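Trainee: Sharing a structure here in structure tokens format.
The values are calculated or read from the model by the stated rules, or taken from the named source; none is laboratory data. Everything quoted here is computed from the prediction, not taken from an experiment. All Cβ positions, glycine included, derive from the backbone under ideal geometry; neighbour counts span all protein chains shown.
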Amino acid sequence: MSGGVPAGLTETLAAAESVCVLTGSGVSAESGVPTFRDAQTGLWAKFQPEALATMEAFRRDPSLVWEWYRWRRELVRQARPNAAHAALVELEQMFPRFNLISQNVDGLHQAAGSRNMIEFHGNIMRTVCSEEGRVVEDYDASESPPPCPHCGAYLRPDVVWFGEQIDTDALAAAIEYAGACDVFFAIGTSALVQPAAGLAELALQSGACLVEINPQQTSLSDRASYALHGTAAELLPALVRALRDSPGERA
């Protein structure tokens, strides 16, 4: 074992052609982005996040929901990619086929340099029309929420709310990648939220080696070929170093 990375995992990755990675909020938490279900602070302490992240809540009180997301956007703007994000960029360059599926909406993977990725739950920094779904970049940010300059409907963050469907193209691509990979990583995710949680199951059924990186035990831990208990910012850089130092070093 090198730096907490089992030798068997290094050997498996050295021989792999296709890698698929699913990341959750644990990766962003190490950049200071609160996980979705973390206790809110200040004005938001009395609200349950699940009660704000719905279309019903937006229709009932659009200003309240918009202001909550404005607050969350400010937290994201202050965050920077961490060592886990950087290590995933390096891993992407080591494999012929590498695909990243993120449940996070903060854009930190892209900021770090990840390219082959799916934003499974959208991006909090993008804004769309609540009626037409088109992305809108130029709007009056002083209004809460601003009207769409094209049709007048309220604008909303481009994220998937409770009760909404994952983008069909994103879901189809994620299923394809998970079902065709040699190694599937579940990193910083509780493995509870569907349909993302089902991707690990699909990878297992397809014969992939399942690797979990999480400080806590999850429902996947007992089924993973390798369950590494630690933070992604510690373990992913160690994994990159181990791959570089392995006899079958990847380019």
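Trainee: Filtering segment 11-37 down to residues that are over 19 Å from the mean Cα position of the chain (by Cα) and either of a type in the set (Lys, Arg) or in a loop (DSSP other than H, G, I, E, B) (or both), which residue is surrounded by the most Cβ atoms within 10 Å (Cβ to Cβ)?
Mentor: Filtering first and then ranking leaves ALA16.
Trainee: Here's something else I'd like to know. Return the only residue of LEU192, LEU202, LEU155, LEU239 being surrounded by fewer than 21 Cβ atoms within 10 Å (Cβ to Cβ) and in contact with a Ser or Thr (Cβ under 8 Å, 6 or more places away or on another chain).
Mentor: Values: LEU202 fails: in contact with a Ser or Thr (Cβ under 8 Å, 6 or more places away or on another chain); LEU155 fails: surrounded by fewer than 21 Cβ atoms within 10 Å (Cβ to Cβ); LEU239 fails: surrounded by fewer than 21 Cβ atoms within 10 Å (Cβ to Cβ).
Just a single option satisfies the conditions, and that option is LEU192.
Trainee: If we scan segment 152-172, do we find a residue that is in contact with a strand residue (DSSP E or B) (Cβ under 6 Å, 6 or more places away or on another chain), closer than 30 Å to GLY4 by Cβ and not β-branched (Val, Ile, Thr)?
Mentor: No; the residues of segment 152-172 include none that is in contact with a strand residue (DSSP E or B) (Cβ under 6 Å, 6 or more places away or on another chain), closer than 30 Å to GLY4 by Cβ and not β-branched (Val, Ile, Thr).
Trainee: Of all residues in segment 52-64, count the ones that are over 21 Å from the mean Cα position of the chain (by Cα) and either assigned to a helix (DSSP H, G or I) or at pLDDT below 95 (or both). Spell out the reasoning first.
Mentor: Residues of segment 52-64 that are over 21 Å from the mean Cα position of the chain (by Cα), as a first pass: 55-64.
Going one step further and asking which of them are either assigned to a helix (DSSP H, G or I) or at pLDDT below 95 (or both), we end up with 55-60, 62-64.
Here the count works out to 9.
Trainee: I need a count of the residues in segment 80-90 that are over 10 Å from PRO237 (Cβ atoms) and surrounded by fewer than 21 Cβ atoms within 10 Å (Cβ to Cβ).
Mentor: 2
Trainee: Which count do you get for residues in segment 124-160 that are at pLDDT below 95 and aromatic (Phe, Trp, Tyr)?
Mentor: 1
Trainee: Next question, about the same structure. Mind listing whichever residues of segment 127-139 are farther than 15 Å from GLU67 by Cα and either in the same structural domain as GLY107 (by TED's automatic domain parsing) or not basic (Lys, Arg) (or both)?
Mentor: Going through segment 127-139, the residues farther than 15 Å from GLU67 by Cα turn out to be 128-139.
Answer for segment 127-139, where residues must be farther than 15 Å from GLU67 by Cα and either in the same structural domain as GLY107 (by TED's automatic domain parsing) or not basic (Lys, Arg) (or both): VAL128, CYS129, SER130, GLU131, GLU132, GLY133, VAL135, VAL136, GLU137, ASP138, TYR139.
Trainee: Out of GLY133, GLY163, GLY113, GLY122, which single residue is loosely packed, with under 12 Cβ neighbours inside 10 Å and either without any contact (Cβ under 8 Å) to a residue 24 or more places away in the chain or closer than 24 Å to ALA79 by Cβ (or both)? Spell out the reasoning first.
Mentor: Numbers: GLY163 fails: either without any contact (Cβ under 8 Å) to a residue 24 or more places away in the chain or closer than 24 Å to ALA79 by Cβ (or both); GLY113 fails: loosely packed, with under 12 Cβ neighbours inside 10 Å; GLY122 fails: loosely packed, with under 12 Cβ neighbours inside 10 Å.
Criteria check complete, one pass: GLY133.
Trainee: Further question: Given the condition more than 12 Å from the chain's Cα centre (by Cα), at pLDDT 95 or above, more than 21 Å from ILE175 (Cβ to Cβ) and assigned by TED's automatic domain parsing to the domain that holds THR189, answer yes or no: does some residue in segment 103-112 qualify? First the steps, then the outcome.
Mentor: Initially, segment 103-112 is screened for residues more than 12 Å from the chain's Cα centre (by Cα), giving 111-112.
Restricting the remaining residues to those that are at pLDDT 95 or above gives 111-112.
Still in the running and more than 21 Å from ILE175 (Cβ to Cβ): 111-112.
Next, from what is left, pick out any that are assigned by TED's automatic domain parsing to the domain that holds THR189: 111-112.
For segment 103-112, residues more than 12 Å from the chain's Cα centre (by Cα), at pLDDT 95 or above, more than 21 Å from ILE175 (Cβ to Cβ) and assigned by TED's automatic domain parsing to the domain that holds THR189: present.
Yes/no per residue for (1) hydroxyl-bearing (Ser, Thr, Tyr); (2) closer than 24 Å to ALA84 by Cβ; (3) without any contact (Cβ under 8 Å) to a residue 60 or more places away in the chain:
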| residue | (1), (2), (3) |
| --- | --- |
| GLY152 | no, no, yes |
| LEU171 | no, no, yes |
| CYS181 | no, yes, no |
| ALA186 | no, yes, no |
| LEU199 | no, yes, no |
| CYS209 | no, yes, no |
| ILE213 | no, yes, yes |
